[in-house]
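The values are calculated or read from the model by the stated rules, or taken from the named source; none is laboratory data. Since this is a predicted model, take the numbers as computed values, not measurements. Here the Cβ positions follow ideal geometry from the backbone for every residue, glycine too, while neighbour counts run over all protein chains shown.
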Amino acid sequence: MDRPVVAVVLAGGVGSRLYPASRSHRPKQLLALAGEETLLERTVARATFADEVIVSTRPAFADAVRESVPEASVLVEPAGKDTGPALTYATHRIAERFDDPVVFVLPSDHHVAGDFETPARRGARVAAETDALVTFGVEPERPDTGYGYIEPGAERDGYAEVAAFHEKPDARTARRYVDRGYYWNAGLFAWTPAAFLSAAADSPLSPLVDALERDDPDAGFEAVDPVSVDHAGFEAVDPVSVDHAVFERAGDVVVVPLTVEWDDLGTWDALERLLPADGDGTVVAGDATVAAVDATNNVVAGDDVHVSLVGVEDLAVVAYDDRVLVVPKAAAQRVRDLVAELRSRGEF
């Protein structure tokens, strides 16, 4: 394919479900939870198929991002308003800088093992040849309630039309989705700027699209010294994911199978799928050490901390800074509710 592929790595979020390792001053993408490299470093290394790699982040994280991945360009979002505004902004800036590119979007909090380049290049090619919005689907390994699902429709050459997107289901519905051959929604995308901005202009993001089209084309995007630019368009839109704002509304959306080992490192229980367990089934991450008596199948993470477990099972015990979190692994998604409470008290 002759068109340049520009990878956009999303690194503007905090990662509230990985509290207390992730905090307002320490986002999860800058953590090394499942190895020596940070999640951001691993993601940028995964994007070697692209001609250019750009990390999209918020002003507060820009210096740390630039230090972590100096080989990538940095685009600073004017405001943190979820992936819809962030990717509209990034796509507009990329269209101004590159000649007829394809944009490829990667979240910075995924675990991927295997041949990622082949399906990535296939998705970029489908986006270039069809002008469809491309999403990537993972064949489920289990009926997981923590992921959204993609219902495939008519099959094409190496991809399928998207019949419908489905929100995170309950356990019974998740089993039905898996039985019907639905994909996990991996949150990976590819598109041409023209296709995406046209769809965004017919969505809740339209005020931002209009404002960007009137804006200075050189503002806010510098590879060496990124700056933040205020835009009236950002003030005119609410925080919204790109899935809800664009993909679930657009007419021409297709799914490319992602044939790799994949996991979303969004919650503490995910670590037990990625790290080796001891003889009691306990997984240890970070710089934590563990002493246990009659304790099984726990996840322990911490920063230079010793954790003792007695007579407990199926817990996540996490200690960073002066904060300790104890939560049943089955309730790991609910850490988001705790963080909402802490935010309201100014304690996050």
Given the residues Val293, Val327, which is the only one that is without any contact (Cβ under 8 Å) to a residue 24 or more places away in the chain and out of contact with any Pro (no Cβ under 7 Å at 6 or more places or on another chain)? Val293
If I filter the range 322-345 for residues that are more than 24 Å from the chain's Cα centre (by Cα), buried (at least 16 other Cβ atoms within 10 Å of the Cβ) and modelled with pLDDT of 95 or more, do I get at least one hit? no
Filter the range 15-25 down to residues that are in contact (Cβ under 8 Å) with a residue 40 or more places away in the chain and out of contact with any Leu (no Cβ under 9 Å at 6 or more places or on another chain) and give me whichever is nearest to Ala316 (Cα to Cα). Arg17
Residue check for Gly286: assigned by TED's automatic domain parsing to the domain that holds Glu155 and out of contact with any Phe, Trp or Tyr (no Cβ under 6 Å at 6 or more places or on another chain): no
Go through the residues of the range 14-37 one by one and say whether even a single one is farther than 30 Å from Val284 by Cα, within 14 Å of the chain's Cα centre (by Cα) and not assigned by TED's automatic domain parsing to the domain that holds Ala277. no
Of all residues in the range 70-89, count the ones that are within 21 Å of Arg26 (Cβ to Cβ) and free of Cβ contacts under 8 Å to residues at least 60 places away in the same chain. 1
Could we say that Val126 is among the β-branched types (Val, Ile, Thr) and out of contact with any helix residue (DSSP H, G or I) (no Cβ under 7 Å at 6 or more places or on another chain) here? yes
May I ask you to verify whether Pro4 is farther than 21 Å from Arg336 by Cβ, at pLDDT below 95 and not aliphatic (A, V, I, L, M)? no
Report the residue count in the range 24-60 for those that are farther than 21 Å from Val260 by Cβ, of a type in the set (Lys, Arg) and at pLDDT 95 or above. 0
List every residue pair whose Cβ atoms lie under 9 Å apart, where the two residues are 6 or more positions apart in sequence or sit on different chains, the first residue falls within the range 298-319 and is within 11 Å of Ala285 (Cα to Cα), and the second residue, located anywhere, is in a loop (DSSP other than H, G, I, E, B) and of a type in the set (Phe, Trp, Tyr). Val318/Tyr19
Would you mention how many residues in the range 280-296 are farther than 23 Å from Leu31 by Cβ and of a type outside the set (A, V, I, L, M, F, W, C)? 4
